[in-house]
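Have a look at the structure below, then the notes.
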Amino acid sequence: MQAIANGKHVVTANKALLAVHGTEIFTAAQQKGVMVAFEAAVAGGIPIIKALREGLTANRIEWAAGIINGTTNFILSEMRDKGLSFDDVLKEAQRLGYAEADPTFDIEGVDAAHKATLIASIAYGIPVQFDKAYIEGITKLEASDIKYAEQLGYRIKLLGIAKRREKGIELRVHPTLIPAKRLLANVEGAMNAVMVKGDAVGITLYYGKGAGAEPTASAVIADIVDVTRLATADAAHRVPHLAFQPDAMSSLPILPMSEVETGYYLRLRVEDKPGVLADITRILADQAISIDAMLQREPEEGEGETDIIILTHICKESAADAAIAKIEGLSAQKGKVKRIRLEELQ
């Protein structure tokens, strides 16, 4: 803010700063006629900000979904490849330097949510509203869920999602099942990738290194070049920070999670006895939730419990919440229902 007050342009890679304080920073910069450039703040060396703000300017953005945290993607890739537990892979990631000594911001989805907040603001011209984002990390994912997803033709990734809906914008970060044939499902290790769907261009994909000294420097220097090139331009004719002129910003709200619509992966641990499946399907039908696929594991000999995996078609989160609460109330259901959201990304 001091640099802006002094009439200086600013280049930053600090996504947490902009996700929380971006609105006031951009307003101050606009009033002072200076630029705040932040390409390195989202997806490291991938020029996703420039692509969204300038390259896709003719498009109405329908949705953007990205693997925008390399640490969590490395952990999920290792869990899938080696069948290891989350805790074991996290220790390995720390040893290799992919994860911080305190990895909370990464593994709890906060870092990805900072970046998704900025993507949503540029895609839809809404003020940055990090406090409205839904955030769920990968700490509760189990190796069995990754294995079951694979059997059903899906992979689990931590996605940052921004989606336009009639009544508002979905802004969420959570583990997500993606069909294994999608390019995004095949982004491995610490790499980042963002898929964007525009009404004119269709689906585009941006892939590369999301962190590290040189990819970050690549984006920072691109910003410095841009700022230098545009410094002499009339401030009113520069590309706005969030792609829309201040008087054309949208007042569309961020939707509460209960209004979100997506598919679901449900893992139930139930007693192996007649009638249980009928009870479960009746509960889902009562909430108008239709089943897309189902997997039932044969119990081991002498084992009285089994796993049932259900994939649902798209439904409202509030309906899924109600169904899960009723399923957990069944005497045959053991413990909590495991829920992971599902996106086809078509």
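Among the candidates A143, A112, A101, the residue that is among the aliphatic types (A, V, I, L, M) and buried (at least 18 other Cβ atoms within 10 Å of the Cβ) is uniquely A112.
Of all the listed residues (A64, A58), the sole one being in contact (Cβ under 8 Å) with a residue 60 or more places away in the chain and part of a loop (DSSP other than H, G, I, E, B) is A58. Does region 300-310 include one or more residues that are in a helix (DSSP H, G or I), under 25 Å from the mean Cα position of the chain (by Cα) and either more than 19 Å from V270 (Cβ to Cβ) or at pLDDT 95 or above (or both)? Scanning region 300-310 turns up no residue that is in a helix (DSSP H, G or I), under 25 Å from the mean Cα position of the chain (by Cα) and either more than 19 Å from V270 (Cβ to Cβ) or at pLDDT 95 or above (or both).
The condition of being of a type in the set (A, V, I, L, M, F, W, C), closer than 19 Å to K91 by Cβ, surrounded by 23 or more Cβ atoms within 10 Å (Cβ to Cβ) and touching a strand residue (DSSP E or B) at 6+ places or on another chain (Cβ under 9 Å) holds for only one of I138, I126, I122, I156, that being I138. Condition check for T228 on (1) more than 21 Å from the chain's Cα centre (by Cα); (2) within 26 Å of F130 (Cα to Cα): one failure, at (2). For region 275-295, the criterion of a residue being small (G, A, S) and touching a helix residue (DSSP H, G or I) at 6+ places or on another chain (Cβ under 6 Å) is satisfied by no position. Here the condition is being farther than 21 Å from G189 by Cβ, among the small types (G, A, S) and modelled with pLDDT of 95 or more; of A51, A65, it holds for A51 alone.
Applying the criterion of being among the small types (G, A, S) and within 26 Å of the chain's Cα centre (by Cα) to the residues of region 284-299, the residue that is farthest from S144 (Cα to Cα) is S290. Applying the set (1) surrounded by fewer than 20 Cβ atoms within 10 Å (Cβ to Cβ); (2) within 20 Å of S85 (Cβ to Cβ); (3) over 16 Å from the mean Cα position of the chain (by Cα) to Y148 leaves exactly one unmet item: (1). A search for C-beta distances below 6 Å between a residue of region 10-26 that is over 12 Å from V36 (Cα atoms) and any residue that is surrounded by 17 or more Cβ atoms within 10 Å (Cβ to Cβ) and among the small types (G, A, S), counting only pairs 6+ apart in sequence or on different chains, returns K15/A41.
Strands (runs of 3 or more DSSP E) fully within region 178-292 that include at least 1 residues being among the polar types (S, T, N, Q), out of contact with any Phe, Trp or Tyr (no Cβ under 6 Å at 6 or more places or on another chain) and outside the structural domain of Q333 (by TED's automatic domain parsing): 191-198, 202-209. Tell me, which residue of region 318-333 that is surrounded by 15 or more Cβ atoms within 10 Å (Cβ to Cβ) and touching a Lys or Arg at 6+ places or on another chain (Cβ under 9 Å) is farthest from L266 (Cα to Cα)? It comes out as A332. Whenever a residue of region 329-346 is outside any loop (DSSP other than H, G, I, E, B), its partners that are surrounded by fewer than 18 Cβ atoms within 10 Å (Cβ to Cβ), lying with C-beta atoms within less than 8 angstrom and at least six residues away or across chains, give the pairs Q333/R269; K338/E142.
Looking across region 72-127 at every residue that is in contact (Cβ under 8 Å) with a residue 40 or more places away in the chain and part of a loop (DSSP other than H, G, I, E, B), the one that is nearest to E24 (Cα to Cα) is identified as P127.
Evaluation of I289 against the conditions (1) over 24 Å from G335 (Cβ atoms); (2) modelled with pLDDT of 95 or more; (3) among the hydrophobic types (A, V, I, L, M, F, W, C); (4) surrounded by 15 or more Cβ atoms within 10 Å (Cβ to Cβ) shows that the sole unmet condition is (1). Among the residues making up region 303-317, a single one is acidic (D, E) and surrounded by fewer than 14 Cβ atoms within 10 Å (Cβ to Cβ): E303.
Annotation note: Cβ proximity below 9 Å between a residue of region 141-155 that is among the aliphatic types (A, V, I, L, M) and a residue that is part of a loop (DSSP other than H, G, I, E, B) (sequence gap 6+ or interchain) occurs for A143/G83; A143/L84; A143/S85; I146/G83; A149/A180. Condition check: outside the structural domain of I126 (by TED's automatic domain parsing) and crowded, with 24+ Cβ neighbours inside 10 Å. Does A19 satisfy that? Against the criterion (outside the structural domain of I126 (by TED's automatic domain parsing) and crowded, with 24+ Cβ neighbours inside 10 Å), A19 qualifies.
The values are calculated or read from the model by the stated rules, or taken from the named source; none is laboratory data. What you see is a predicted model; the values in this text were computed from it and never measured. Methodologically, a virtual Cβ is constructed for each residue, glycine included, from the backbone with ideal geometry; neighbour enumeration extends over all protein chains shown.
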